[in-house]
1. Take the residues of region 1-38 that are under 30 Å from K216 (Cβ atoms) and modelled with pLDDT of 70 or more: which is surrounded by the most Cβ atoms within 10 Å (Cβ to Cβ)?
2. For region 121-134, how many residues are of a type outside the set (A, V, I, L, M, F, W, C) and in contact with a Phe, Trp or Tyr (Cβ under 7 Å, 6 or more places away or on another chain)?
3. Count, please, the residues in region 73-97 that happen to be touching a helix residue (DSSP H, G or I) at 6+ places or on another chain (Cβ under 6 Å) and either among the hydroxyl-bearing types (S, T, Y) or modelled with pLDDT of 95 or more (or both).
4. Can you say whether A147 is touching a Phe, Trp or Tyr at 6+ places or on another chain (Cβ under 7 Å) and buried (at least 18 other Cβ atoms within 10 Å of the Cβ), as far as the supplied structure shows?
5. Among the residues of region 123-144 satisfying the criterion of being touching a residue at least 60 places away in the same chain (Cβ under 8 Å) and in a loop (DSSP other than H, G, I, E, B), which is surrounded by the fewest Cβ atoms within 10 Å (Cβ to Cβ)?
6. Within region 115-131, work out how many residues are at pLDDT 95 or above and under 25 Å from P180 (Cα atoms).
7. Pull out all pairs, ordered by first then second residue, where Cβ-Cβ is under 8 Å, the residues are six or more apart or on different chains, the first lies in region 43-69 and is farther than 11 Å from F211 by Cβ, and the second is among the acidic types (D, E) and surrounded by fewer than 18 Cβ atoms within 10 Å (Cβ to Cβ).
8. Which number in (1) at pLDDT 95 or above; (2) under 26 Å from C160 (Cβ atoms) marks the one condition that G66 misses?
Amino acid sequence: MPSEIERTQKYFDRIPEQWHARYRNSSHLRSILSRFWRSALYERHRLTFERCGTIAGATVLDIGCGSGEYSLEFASKGAIQVIGVDIAPAMVEFSQRLARERGLSQRCRFVCGDFLDHPFADRFDIVIAMGLFDYVANPSPFLKKIARLTRGRFLASYPCNEGIWAFQRTIRYRWLKRVPIFDYTPDRLTVLYGDAGFDSLHMLEMKRGIFAIACKELTPTSRQ
């Protein structure tokens, strides 16, 4: 039987075009319907660029980059280096093609692989993980590695198991698509972030989840 990671990878390998289309609605009616059904998608996108701090001249790590929309937007807004990581080869190939088409290949690099296994040469000014933790059974090693890689802000989204939206999400993903999904609470995130070593954590309530902004302040020793 495929593992949870393998099932998630296979699912996202099938949908790069569809995932990208969520950010590019072709009609007014489709845009209205998409923003109703996927309001969390647009809300976390807005909050990311409102709360990420200075982008010009920044280095950015996008974990679970999907079709590359966030990575490419950071590059277009002036980030000097953006690295996107995803476990789905089709998503990474799609992101690379978009970067070439938009003339952003020199500032955007996309890596296919497991974030926990991939070596990184340096820390990043901005680290994001949008929609990643929906599919992570054990977030602790992710957050600990992210804390080591962050020298500025880390922004992430987390789903909550509340209301009819959470129920229909469970039906769509866990039952119909056979993709494992996980939920979080503010109390659990407070413990996880504290154990990971972040210096501060601020949580914003979204319509269907939590948007977390954490900071990692480097000491003189850790800057070396």
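The values are calculated or read from the model by the stated rules, or taken from the named source; none is laboratory data. Here the structure is a predicted model, which is why all the values come from computation and not from measurement. Every residue, glycine as well, gets a Cβ built from its backbone with ideal geometry; the counts of neighbours run over all protein chains shown.
1. Applying the first criterion (under 30 Å from K216 (Cβ atoms)) to region 1-38 yields 4-5, 8-9, 12, 19, 23.
Then drop every residue that is not modelled with pLDDT of 70 or more, which leaves 5, 8-9, 12.
On the way: I5: 14, T8: 23, Q9: 21, F12: 21.
That would be T8.
2. Count: 1.
3. The total comes to 3.
4. Spelling it out, A147 is indeed touching a Phe, Trp or Tyr at 6+ places or on another chain (Cβ under 7 Å) and buried (at least 18 other Cβ atoms within 10 Å of the Cβ).
5. A137
6. Residues in region 115-131 being at pLDDT 95 or above and under 25 Å from P180 (Cα atoms): 8 in total.
7. Hits for this filter: T59/D122.
8. (1)
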